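Since the structure comes first, as structure tokens, the remarks are kept for the end.
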Amino acid sequence: MRRLLLSASLALLFAPLPALAQGEATSQEVVATNSGDTFNITAVNELLAQGDAEAASGDLTAAIASYDKARNAARSLLSFYRDLSGAFRGLDARIPRAMDAKGREAIQRLASANLRLAAAYRRENQAEVAVPLLVEVIKLMTPANEDGRKAYQQLLEIGFVSIPYNAPAPPSN
């Protein structure tokens with residue numbers, strides 16, 4: 001009985017496993033990235049562009065609404081991408097990698113929406129609404145990132161912080 005269990009265990013141990021994280025993806029494995037859905041990074045970009053056009057035309061109320069929609073969509077996308085990445089971690093390395101990359105895009109769009117929304121609130125003299133948005137950008141992007149530095153600079157201009165941040169020059173290649 002022991003020999004049977006031992007040989008079965010060894011057979012399972014040395015059985016060939018499919019290479020999930022290697023090789024080229026077949027056409028059946030790859031799903032089109034733009035299937036006409038409105039809940040994706042492209043839709044967030046469109047909302048940001050719509051907000052930019054509204055802000056340029058002076059309609060700050062509509063711009064704030066568009067930026068807020070973009071912010072909420074980016075936040076939801078980020079959450080979903082993180083959930084999917086975690087669900088597939090250890091099962092198929094391609095999916096977490098793809099979801100992590102999409103999550104990074106969502107974080108960038110969220111930070112961009114926050115910066116634009118904060119700027120619109122500042123134009124309406126509502127700095128108290130802009131401060132939490134700017135702090136969130138710094139938390140998302142860190143002060144080492146350009147968006148983080150922009151957010152900190154705006155906090156300095158508002159008077160929320162009093163010490164300027166002099167970022168070190170980016171390393172040259």
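The values are calculated or read from the model by the stated rules, or taken from the named source; none is laboratory data. Bear in mind that the values here come from a model prediction, so they are computed numbers and not experimental data. Neighbour counts are summed over all protein chains in view; Cβ atoms, including those assigned to glycine, are modelled from backbone coordinates with ideal geometry.
Quick one: which of Q50, Q126, Q108 is of a type in the set (S, T, N, Q), over 17 Å from Q154 (Cβ atoms) and without any contact (Cβ under 8 Å) to a residue 24 or more places away in the chain?
Details: Q126 fails: over 17 Å from Q154 (Cβ atoms); Q108 fails: without any contact (Cβ under 8 Å) to a residue 24 or more places away in the chain.
So the residue among Q50, Q126, Q108 that is of a type in the set (S, T, N, Q), over 17 Å from Q154 (Cβ atoms) and without any contact (Cβ under 8 Å) to a residue 24 or more places away in the chain is Q50.
Give A11, A55 a once-over and let me know the one that is surrounded by 17 or more Cβ atoms within 10 Å (Cβ to Cβ), modelled with pLDDT under 95 and small (G, A, S).
On inspection, the qualifying residue turns out to be A55.
Filter the range 111-166 down to residues that are among the β-branched types (V, I, T), under 15 Å from the mean Cα position of the chain (by Cα) and assigned to a helix (DSSP H, G or I) and give me whichever is farthest from A65 (Cα to Cα).
I138
Just to be sure, is G58 over 25 Å from N40 (Cβ atoms) and either in contact with a Cys (Cβ under 9 Å, 6 or more places away or on another chain) or free of Cβ contacts under 8 Å to residues at least 12 places away in the same chain (or both)?
yes
Of all residues in the range 65-96, count the ones that are free of Cβ contacts under 8 Å to residues at least 12 places away in the same chain, charged (D, E, K, R) and in a helix (DSSP H, G or I).
Going through the range 65-96 one residue at a time, the tally reaches 1.
Listed residues A32, A49; which is under 22 Å from E136 (Cα atoms) and either at pLDDT 95 or above or not in a helix (DSSP H, G or I) (or both)?
A49
Taking the conditions exactly as written (β-branched (V, I, T), farther than 24 Å from A106 by Cβ, surrounded by 12 or more Cβ atoms within 10 Å (Cβ to Cβ) and at pLDDT below 95), does I163 satisfy them or not? First the steps, then the outcome.
Working: β-branched (V, I, T): yes; farther than 24 Å from A106 by Cβ: yes; surrounded by 12 or more Cβ atoms within 10 Å (Cβ to Cβ): no; at pLDDT below 95: yes.
Spelling it out, it is not the case that I163 is β-branched (V, I, T), farther than 24 Å from A106 by Cβ, surrounded by 12 or more Cβ atoms within 10 Å (Cβ to Cβ) and at pLDDT below 95.
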